[in-house]
Amino acid sequence: MTERTTPVLAVEGLHTAYHVDEGRVHAVRGATFDVQPGRTLGIVGESGCGKSAAARSVLQLIEPPGVVEDGRVQFRWTHDEPPVDLLSYGRYDAPLRAVRGGGIGMIFQEPMMALSPVHTIGQQIAEVVQLHARVTRKVAMDRAATLLAKVGMPQPAERVHRYTFELSGGMRQRAMIAMALAAEPRLLIADEPTTALDVTTQAVILDLLRDLQEQEGMGLVLITHDLGVIADAADDVAVMYLGRVVERAPVKTLFRDPKHPYTRALMRSVPRVQLGPPADLDVIPGRVPAGTAQPPGCAFAARCDLKISGLCDVIAPSDVVLDDGQTVQCHAHDPTYQGRFKAADLQPNLAEPTRRVGEAVATSDKVVLDVRGLSVHYPVHANGLLRRRIGTVKAVQDATFTLHEGETFGLVGESGCGKSSLAQALVRLYRPHAGEAWVAGSDGATLNTAVATGQELKRVYANVRMVFQDPYGSLDPRMPVSEVIGEPIELLTPLSAAERDARVDELLEAVGLDPNVRHRYVHSFSGGQRQRIGIARALATEPSVLIADEAVSALDVSVQAQVLNLLKDLQTRRRLGMLFVSHDIGVVASICQRVAVMYAGRLVEIASKDDLFTRPRHPYTSLLLGAVLPPDPDHERPSVTGVEEGVADPADLPKGCAFAARCAFATDLCRAKVPELRLVEGVHVACHHAETVELPAPRLDVTHKVEA
Amino acid sequence: MSLAEGAAQTQAAAHPITSRHPKGGNLVWRRFRRHRLAMLGLILTGILALVTLFSQFIAPFEPEGYNSNYTYAPPQRLHWIRSGDNGIVFGPYVHGLKVEIDYDSGRRRFAVDDTVVHPVGLFVQGDPYKLWGIIPTSRHLFGPLEKDAPMYLLGADRLGRDVLSRTLLGGRISLTIGLLGVMLSFVLGVLLGGMSGYFGGAIDNIIQRLIEFLQSIPSIPLWIGLAAALPKDIPPAQVYFLITLILATIGWTGLARVVRGRFLQLKSEDFVKAAKLDGCSPLRTMRKHMVPSFASHIIAALTLAIPNMILAETALSFLGIGLRPPAISWGVLLQEAQNIRSVATAPWLFVPGVAVVISVLSLNFLGDGLRDAADPRR
Amino acid sequence: MLAYITRRVLYMVPTLFAISLVAFAVITLPPGDFVDTMVMEARQNGEALTTQEIQNLREFYGLDQSWWGQYTSWIGGILTKGDFGFSFRWDLPVDELIWPRLGMTFVVSFSSLMFVWIVAIPIGVYSAVKQYTIGDYLATVIGFIGLAIPNFLFALVLMYVSFRYFGMSVGGLFSPEFVNAPWSWARVGDFLSKIWIPMLVLGTAGTAGLIRVVRANLLDELKKPYVITARAKGLRERTAIRRYPLRIALNPFVSSLNDVFVNLVSGATIVSVVLSLQTTGPLLLDALRAEDMYLAGSFIMLLSVLTVVGTLVSDLLLAWLDPRIRYQ
């Protein structure tokens, strides 16, 4: 970018630290970036990289024990005025308060938490209006309604009097945005604004932010961990690692030609929709260092394959400005040191086919899990004295599918669709309400999971194992690793104590951990390591079916790739049938052979991965895939409309197809009769009009680049 | 990412692989040690427990040993140095007391008699007693070397009994009644709270209503009512036990709520679900996975419940409907202070009250620190 | 909201019924009855009652009926005529004795509650906002000490101090000349000059407890994301804290309000014995000792009713303050 306009916000050398018991966590270490009016700066990085802290430091919204230690934050009220340094004010000074809300509006991740539960959204929006303009309460409330209309809130005049808990997730985020806009700020800082939302809602909110930015000519800072969101919404990108902005570039340049080894590695490790057999993801070895770490040289040196000892781990790199407006903190691009690196290493290797394609589909015909008409219902009780039953949540209805030996079967859907309930019923955490689920055990026996009791239930537990989502909550922190993995062996298999110890060692090695860690307690491991222990525990009884319930969702991208590869590897080698439950379509597409889509408790489509991504048959599948954001700035996403209206409530389902209220093709038949899952051209789909509707293909497949 | 996540990561990464990794209990202890007031509470509680355990030995006199010559005798100062026949002598002693008549008010008054010296020694022979009701002895930690010499370090009461000895011995009932009452409430609370949390549904509902009901009755009038119902002629040991029972029947509700809340919270934790899938029976899940992770909460809640029991016993006995003389508890001793005129003459009658305040305070510090350490708010 | 109130009020009925049973059970628990007490007193005065006379007395007081019979006639009287029975000892209908005393209890407890509020909330807020400062530590330690001193002991110490150093007696709610006087401005003034002692005594423990509740709640709320939102709007720090975290932290405080009130009513029983206040405490104790069953039972029951109603009031207040409860 050679011609630069006057930035609305210019941050230079920002340092923020938290003084906690473990020491000084240097969250932001000299971050530098600027935002142009009318443009979107995306700040991307993994957890702990300091992106939120940097954004909050701009308005000095850092609370003790955090301190903004150094830096300059230049904010311009108008194009012609000289900038003011926001860090020159005290935290409570009036000029800074005028900028808060008035000059810079902020949007936070979880609107349910970020909005007050005891004030109506109208009160909260009107408050901002009145803080920054001399108007009456009445005018401010009217303005709040207008703002809600502007952010696309349905029935704004009525919703202005609603509380947050009466709104859906998407509506809450709209209210939050309306609040941030209330004083017509010049800049909007959105901190993970869509992370808590479903993918279809995310698409709507991103569209809204873009429209608003165009209308108002505001600058926008969009903080996210999701490269897909960056590719979709950002104009310029700042990549952060351990408190530093390691690379800055316009979005297309960055994705076409990433310079920093971290950016490159990050992009390679993102799971993408990829046709054909599942392939391994590239991984970044190791993990983000602790915030207390103070590496003397480059923060990424320990994980970098270009590292030159004696240089990278000694001298901290500074900003190198390249010709095309790209700025990178890496010695390999610094003319002073460049000679010491091999020229070939400096080329972007995104296009190189580094991916190891997995062994050809090893799926056999042997069915290891046969689910027929499985339903899971939960009673809803009143809060009163007698707790009488007042309704039923039909979490899963009539689920039917099969899982083959050596197959990975994906189950995708948005929050509340019942995918986790289905998974938990299959491992018998809950007893299904109706239906059957036959498991072919590794010992050759066949069991009906749905009704098993006593000794038979123990065999179900041994044969159908689960990997949980939360690596912190799912392992008892008060147990040593050997007991965590050994407990199911002890209770569910006839192995002796010596055999058990041998198996624990073998499993630890299989999941890539040193068997010497067996005596350590769980709380001393990182998230990724814990998830490996969780996988070892799941495999401990040599099950025939593995159920992974959002098993990588809580992990950072670089760690996620490691765990996904491990799962894929173990599954292939041990010929497990794996049910992989996830809300992340990219992850599912990178690991599964077949995929089922779930909506409001029902499976609406089951197809091979290639069929699903090239030709979705169910309108919901099409909507869902259309909202996916691949890490590709050239991807054109169809705009999604009307997703918040009529989202089905599993406690109060309509008579006919649950998706009918959101479906463009719905007819009276759809509203009257629930469609059965039936075979249409080799694909199972639950839609009355599967043969006739023409649905656009999402064109998510970006692997053609790899195949080239 | 959220800050919490970051902090969790920091914490996880802060332990290098080679370091020794403490069990969960040690983690609680480490956090506890940082809490200065709580450490003070722990030390004070320890001292109280020891003193109470050996109170018969530490107390210089028998609690019932009276001397009408020293009615309401004021506290005597302990001196260390005196000039004896052969120069300066080191060693503790107290001066004698003599009675003067204040001619203005016409009242009897004690004055220090400098001329009389009563030396005080360690491990002296004194009133005989049976340590813990078993070992007959007459050794006391300290006391006057001469038999029948007055040594009222904290004054005497209306019968000339040593307030210090009586207060020390009063701790036996006052402190154990708290401990015993809490243990009884613990059994009831854990049993009913655990049932409520584990089974849920109708059982939970019934127990919750019962707790709400018991909590809606003002406790002290109910206590008074129940305590007044105790027959007046039963032996002190039985009164002691029944009073404990009365305190416990009402005191368990708070504990039951804590237990139930923790149970419900833990039941939805993934690691408890995982235990079920690993083949753990409900009993094993509770024993191996649930109880260890809330044991520290329970201990904290129990510690915080003891002071309430102590206060309740003191109040009941003070009103004359709890324990009665000859039983000695701090509440019984404070009955002496009921009359404003006797307190005006002998303010040292408040000494048992000071003991109550110190023990309640140190238990509160201790319990509060335990609670903070057990609940780090990840 | 109306449905919510109705439901809450209906829930009170079984509770009140259970309370009346417990109250009655407690007072009939002791072996013997009021006639035994009379016989004993008579014997001390050198009189002896014949078996027939005792029998007649029992019949006269209705003590010959079964437990259930006594209970039903007592509760029936309350429900139909507002008649709480007869005090054997005072030879008066219970309600004549009970209402003035109960009124005083309410006044003393309520004024202590006000005292607790006015002192505890600002200190609790200060303590939370200025966490780990000298002021916070000071408030914490004083709070703990306040919790550790038994009410009656505090009352005794206060009495001792004012007797010893100011030479005045601080017992009672009225000076002797006003005890039985009709209400007048002078009597009100006398009352006001006396009430601060029980208020202080009762309020101290409550204040200490409440400071800790307010501080803990507010500390929890101060960590919530909406506080950052409030600051990001450009609100003044004080306004931001008052309007959001404090406002929300007061919700659990309101729901614990009744516990505080119950404790005050409870505590007042003992304190009023020490300070010889004309509240329920001394009379209740006396009635229990003399097995004056209808008087004691009515006291225990009405005190319980007071707290049950208090729970209702605090629940309704909470619903009014917190839309999450109101709408669900």
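The values are calculated or read from the model by the stated rules, or taken from the named source; none is laboratory data. Bear in mind that the values here come from a model prediction, so they are computed numbers and not experimental data. Heads up, the Cβs are rebuilt from the backbone with ideal geometry, glycines too, and the neighbour counts pull from every protein chain shown. Protein only, heavy atoms only, side chains kept; ligands, DNA and RNA dropped before computing areas. Shrake-Rupley method; radii C 1.70, N 1.55, O 1.52, S 1.80 Å.
In terms of Cα atoms, the Rg and Dmax of chain C work out to 24.3, 87 Å.
Maximal additional length on extending the A:Gln455-A:Val67 stretch stands at 133.8 nm, based on 0.36 nm per residue less the C-alpha distance. Placing dummy labels 7 Å off each Cα toward the beta-carbon, the span from B:Gln265 to C:Val141 is 3.0 nm. Each part gets one Cα centre, and for region B:109-157 versus region A:281-312 those centres are 75 Å apart. Taken over region A:378-451, the convex hull of the Cα atoms encloses 112 Å³ per residue. If one computes the Cα centroid of region A:498-567 and of region A:445-487, what distance in Å separates the two points? Result: 14 Å between the Cα centres. Taking all protein chains together and rolling a 1.4 Å probe, A:Ile230 ends up with roughly 0 Å² accessible. Sorting A:237-247, B:348-358, C:221-231 by average packing, meaning the other beta carbons within 10 Å per residue, from highest down gives A:237-247, B:348-358, C:221-231. Annotation for B:Asn339 and C:Arg247: the two label points, set 7 Å from Cα along the Cα-Cβ direction, are 6.0 nm apart. For region B:221-327, which trypsin sites (Lys or Arg not before Pro) pass both filters: DSSP loop (anything but H, G, I, E, B) and at most 15 other C-beta atoms within 10 Å? Answer by residue number: B:Lys232.
Ignoring ligands, DNA and RNA, how do A:Asp365, A:Asp649, B:Asp127, B:Asp162 rank by accessible area with a 1.4 Å probe, largest first?
A:Asp365, A:Asp649, B:Asp127, B:Asp162
Quote the FRET efficiency, to the nearest 0.05, computed for B:Arg82 versus C:Trp196 with a Förster distance R0 of 35 Å and r equal to the Cβ-Cβ distance.
Details: r = 50 Å, r/R0 = 1.42.
Plugging the Cβ-Cβ distance into 1/(1 + (r/R0)^6) gives 0.10.
At full extension, A:Asp313 and A:Glu676 could sit 124.5 nm farther apart than now, given 0.36 nm per residue minus the alpha carbon distance.
Hey, any idea what % of the protein assembly as shown's accessible area is carbon plus sulfur with a 1.4 Å probe? Provide the component values of the computation, followed by the final result.
Working: 34680 of 59220 Å².
Whole-percent figure for carbon plus sulfur exposure: 59.
Both radii were evaluated on the Cα set of chain A; the Rg over Rh quotient, with Rh as the Kirkwood radius, amounts to 0.97.
What's the center-to-center distance, using Cα atoms, between region C:79-112 and region C:234-306 in Å? For region C:79-112 versus region C:234-306, the Cα centre distance is 18 Å. The calculated Kirkwood hydrodynamic radius for region A:115-179 is 11.3 Å, given to one decimal from all distinct C-alpha pairs. Averaging 1/r over every pair of different alpha carbons in region A:231-299 and inverting the result gives a Kirkwood radius of 13.9 Å.
The DSSP beta bridges internal to the protein assembly as shown are antiparallel in roughly 70% of cases.
For C:Asp36 and B:Ala237, a Förster radius of 22 Å and the Cβ-Cβ distance give a FRET efficiency of 0.30, rounded to the nearest 0.05. Shape of region A:73-230 from its Cα gyration tensor (a ≥ b ≥ c, root eigenvalues): rounded if a/c is under 1.5, otherwise prolate when a/b > b/c, or oblate? Because a/c hits 1.5 or more and a/b fails to exceed b/c, region A:73-230 counts as oblate. Rounded to the nearest angstrom and listed largest first, the equivalent-ellipsoid semi-axes of the protein assembly as shown from its Cα gyration tensor are 68, 37, 34.
The Kirkwood hydrodynamic radius of region B:76-151, based on inverse pair distances between different Cα atoms, is 14.5 Å. For region B:27-186, what does the alpha-carbon gyration tensor say about shape, rounded, prolate or oblate, given a ≥ b ≥ c as the root eigenvalues, a/c under 1.5 as rounded, and a/b over b/c as prolate? Prolate, since a/c reaches 1.5 and a/b exceeds b/c.
Please go through the residue pairs A:Lys366/A:Lys609; A:Lys394/A:Lys458; A:Lys394/B:Lys288; A:Lys307/A:Lys568; A:Lys419/B:Lys276; A:Lys419/B:Lys267 and name each one whose alpha carbons sit more than 24 Å apart in this structure.
Among A:Lys366/A:Lys609; A:Lys394/A:Lys458; A:Lys394/B:Lys288; A:Lys307/A:Lys568; A:Lys419/B:Lys276; A:Lys419/B:Lys267, the Cα-Cα distance tops 24 Å for A:Lys394/A:Lys458; A:Lys394/B:Lys288; A:Lys307/A:Lys568.
Rolling a 1.4 Å probe over the protein heavy atoms leaves A:Cys663 with an accessible area of roughly 30 Å². In chain A, helical runs assigned H by DSSP with n ≥ 4 each contribute -39500 (n - 2.57); averaged across all residues and rounded to the nearest 500, the mean residue ellipticity at 222 nm is -8500 deg cm²/dmol. Partner shielding of A:518-526 amounts to 5, given as the average count of beta-carbon atoms from other chains within 10 Å of each residue beta-carbon. For chain C, hydrophobic long helices are taken as DSSP H runs at least 24 Å long by C-alpha position along their axis with mean Kyte-Doolittle hydropathy of -0.5 or more; these are C:2-28, C:94-129, C:185-222, C:247-274, C:293-321.
Between A:Ala497 and A:Thr402, the contour length at 0.36 nm per residue exceeds the Cα-Cα span by 30.6 nm.
For region C:94-321, lysine pairs with C-alpha atoms less than 26 angstrom apart, excluding pairs fewer than eight positions apart on the same chain, total 5. Inter-chain neighbour count for C:143-155: the average number of beta-carbon atoms from partner chains within 10 Å of each residue's beta-carbon is 6.
Where a ≥ b ≥ c are the square roots of the eigenvalues of the C-alpha gyration tensor, would you call region A:510-597 rounded, which needs a/c under 1.5, or, failing that, prolate if a/b is larger than b/c, or oblate? Could the numbers behind the result be given before it?
Details: a/c = 2.17, a/b = 1.41, b/c = 1.54.
Judged from the Cα gyration tensor, region A:510-597 comes out oblate (a/c at least 1.5, b/c at or above a/b).
What FRET efficiency would be calculated for the residue pair C:Glu53, B:Thr115, taking the C-beta separation as r and a Förster radius of 60 Å, to the nearest 0.05? Computed FRET efficiency for C:Glu53 and B:Thr115: 0.35. Each label point was placed 7 Å from the Cα along the Cα-to-Cβ direction; for A:His519 and B:Arg33 their separation is 2.1 nm.
Counting Cβ atoms of other protein chains within 10 Å of each residue's Cβ and taking the mean over peptide A:528-535 gives 1.
Counting other Cβ atoms within 10 Å of each Cβ, which trypsin sites (Lys or Arg not before Pro) in region B:24-111 have at most 11 and sit in a DSSP loop?
Working: sites: B:Arg30, B:Arg31, B:Arg33, B:Arg34, B:Arg36, B:Arg77, B:Arg82, B:Lys98, B:Arg107, B:Arg108, B:Arg109; in loops: B:Arg34, B:Arg77.
Taking region B:24-111 and a limit of 11 other Cβ atoms within 10 Å, the loop trypsin sites (Lys or Arg not before Pro) found are B:Arg77.
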